[in-house]
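One structure below.
The values are calculated or read from the model by the stated rules, or taken from the named source; none is laboratory data. Keep in mind that this is a model prediction, so the values were computed, not measured. We place every Cβ from the backbone using ideal geometry, glycine too, and count neighbours over all the protein chains shown.
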Amino acid sequence: MGAAKIVRIIALVVVLVAALVPNIPYAGVIVAIVGLAVGYYVSADNRGLLFLVAIALATGVAEALGGIPAIGMYLTAILSTLGALVAAAAVTVVVMISYERLTE
């Protein structure tokens, strides 16, 4: 198992815990830091898809499941937290692309 897969598994656990366990101190900071790490392991082929997911989650897709009785609020919390993580990953990808352009 490579480092990229381990980071993705850790990211998924962090998202689930941050979304479902109330009142975790610095949960947003932890999600952002893990998101930055995830962005480092995004391959060049998947960068466009990452940006698409970040835009989709930021524009309200996360709230689409809120109307489902009993579990909608949990799904919304998970997708919203995932959106924060993906946005942080996108920041890392933007920095990496800028660095690659400057050093070619």
Selected residue [out of contact with any Asp or Glu (no Cβ under 7 Å at 6 or more places or on another chain) and on the phi > 0 side of the Ramachandran plot] from GLY2, GLY60, GLY39: GLY60
Residue count for segment 32-50, restricted to those that are farther than 10 Å from THR92 by Cβ and touching a residue at least 40 places away in the same chain (Cβ under 8 Å): 4
Subset of segment 22-41 (residues that are of a type in the set (Val, Ile, Thr) and modelled with pLDDT under 95): ILE24
Segment 64-90, residues that are of a type in the set (Val, Ile, Thr) and surrounded by 15 or more Cβ atoms within 10 Å (Cβ to Cβ): THR76, ILE78, THR81, VAL86
Flag for GLU100 being part of a helix (DSSP H, G or I), surrounded by 11 or more Cβ atoms within 10 Å (Cβ to Cβ) and acidic (Asp, Glu): no
Residue that is closer than 20 Å to ALA90 by Cβ and not acidic (Asp, Glu), where the choices are ILE78, ILE68: ILE78
Selection within segment 8-42 - surrounded by fewer than 17 Cβ atoms within 10 Å (Cβ to Cβ) and of a type in the set (Val, Ile, Thr): ILE9, ILE10, VAL13, VAL17, VAL21, ILE24, VAL29, ILE30, ILE33
